[in-house]
Structure formats: C-alpha cells, structure tokens
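One structure is given below, encoded as structure tokens.
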Amino acid sequence: MTNTAEQTPHQSLSPGLLVLLAGAEARGKDLLIAQARRRYAGDPRLEFPARLQTRQSAHDSEHIGVPRRVFRDIERAQGFAVSWQHADADHGLTAGALEALDAGRIVVIAVPPAAIDRFRAIWPNVEVIPLASDVDAARPGSQRTPHASAVRHSGDIADAVRRFNRVLDTLAARQFSSARV
C-alpha cells in the first residue's frame, strides 16, 4: 500500500492537531468517534472526517465504502492524505483533512495502531489516544502504565464516551488556550 503523503510530506508547521484514537479491532473506536461527531457538531474547532474504505459499512457515516478499483484510482491521483490496510480492507483519509489541519482545527480519526506512523509522516502535530479494555490490561506483557490521555473501558461504553469527551475537551482547551497573535 502506498502512502502518497510519505512521498511528498506536508511541510506546514500549522497549529492544527491530528488526534488518532487507536486501539484493537472491536474496542468501540468507531462508536466513540460517531458519538463525538454528534456532540461536537457545532464546534468549529473539531472535525471528524469520513474515511473511504474498500468494504461497505451501513452502520455509520464515518466510513464511505468504495470499490477497490475506485480506491486505487483515488490513490494513484494522490487524493489521499494517507492510506492504510486493515482488517482485509483498504482505508484512506482524503487530502481534505489536511485543509482542516492547515486551518488550525483538531482533526479526529479512529485508526489501528499499525497505521500511526503513517499519520506521523504527514503531520507534525499528532496526539495518539490509546483505547483499550480491561481485558487488554489483564493480558500478560500488556502496558501496565496507562497513557495520560488513554481511554479505558470495562464494557461500560457510556463511561468510555465520557472519558473520550474529557480527553477531547482537554485537548481543545490546550490547543486553543493561547490566543493567536
């Protein structure tokens, strides 16, 4: 899978913040993003762009299913800021997300942990929010010290939503606390 942005990295040192909600499959990333998209719908500081993927998804508006041929055409035309493969599908974030970052907004997207480096290659200001369940924490060899902005849940999705909202509120306050001169 090519990453067109890695071939021509974005050079701006814009104040925009790219927030990656990263976690294993079936941990509720898409649900948290969908909830946050509704909660922050009127907040011009945050943007939750839809991704294109080669698998249809009738359950949410975060994924736009396209045939592989169309995906490849967009990729060849360098229409993605970044693309990655996960769960037997190709995924792409359109270059329009960079426009939101250039404008100084916070762009929030759910990604698998393996794609994090691809996003760091396209934007200098990245915040990774790990999402894990208590089952993950109980596994031998798992990370024992939680990340400061990690979102953990023990099956209580409402609690995970509250935690994720607090993280986003904290990031927005930090990002926009200093007045632009």
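The values are calculated or read from the model by the stated rules, or taken from the named source; none is laboratory data. Just so you know, these numbers come straight off a predicted model, no measurement behind them. Neighbour counts are summed over all protein chains in view; Cβ atoms, including those assigned to glycine, are modelled from backbone coordinates with ideal geometry. To get the accessible areas, we keep the full protein, side chains included, count just its heavy atoms, and leave off ligands, DNA and RNA. Shrake-Rupley method; radii C 1.70, N 1.55, O 1.52, S 1.80 Å.
Listing for the model above:
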quantity	calculated
Flag if ALA172 is within 25 Å of ARG38 (Cβ to Cβ), outside any strand (DSSP E or B), among the hydrophobic types (A, V, I, L, M, F, W, C) and modelled with pLDDT under 90	no
When residues of the stretch 46-64 are limited to those that are over 23 Å from LEU17 (Cα atoms), at pLDDT below 90 and not aliphatic (A, V, I, L, M), the one most open to solvent (accessible area, probe 1.4 Å)	HIS59
Cross-chain or 6+ apart pairs with Cβ under 6 Å, the stretch 84-104 first and on the phi > 0 side of the Ramachandran plot, then surrounded by 15 or more Cβ atoms within 10 Å (Cβ to Cβ) and not in a strand (DSSP E or B)	GLY104/PRO15; GLY104/GLY16
Residues of the stretch 65-75 classified as open to solvent by less than 50 Å² (accessible area, probe 1.4 Å) and assigned to a loop (DSSP other than H, G, I, E, B), total	1
Inter-residue pairs, beta-carbon under 7 Å, first charged (D, E, K, R) and in the stretch 22-46, second open to solvent by 50 Å² or more (accessible area, probe 1.4 Å) and in a helix (DSSP H, G or I), 6+ apart	ARG45/PHE176
Matching entry among GLY141, GLY92 (being at pLDDT 90 or above, small (Gly, Ala, Ser) and either part of a loop (DSSP other than H, G, I, E, B) or under 18 Å from ILE33 (Cβ atoms) (or both))	GLY92
Given (1) more than 17 Å from LEU171 (Cα to Cα); (2) modelled with pLDDT of 65 or more, index of the condition GLU6 fails	(2)
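Every residue, every condition in (1) modelled with pLDDT under 90; (2) closer than 28 Å to GLN175 by Cβ; (3) open to solvent by 50 Å² or more (accessible area, probe 1.4 Å), yes or no:
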site: ALA77; (1), (2), (3): no, no, yes
site: ALA81; (1), (2), (3): no, yes, no
site: HIS86; (1), (2), (3): yes, yes, yes
site: ASP102; (1), (2), (3): no, yes, yes
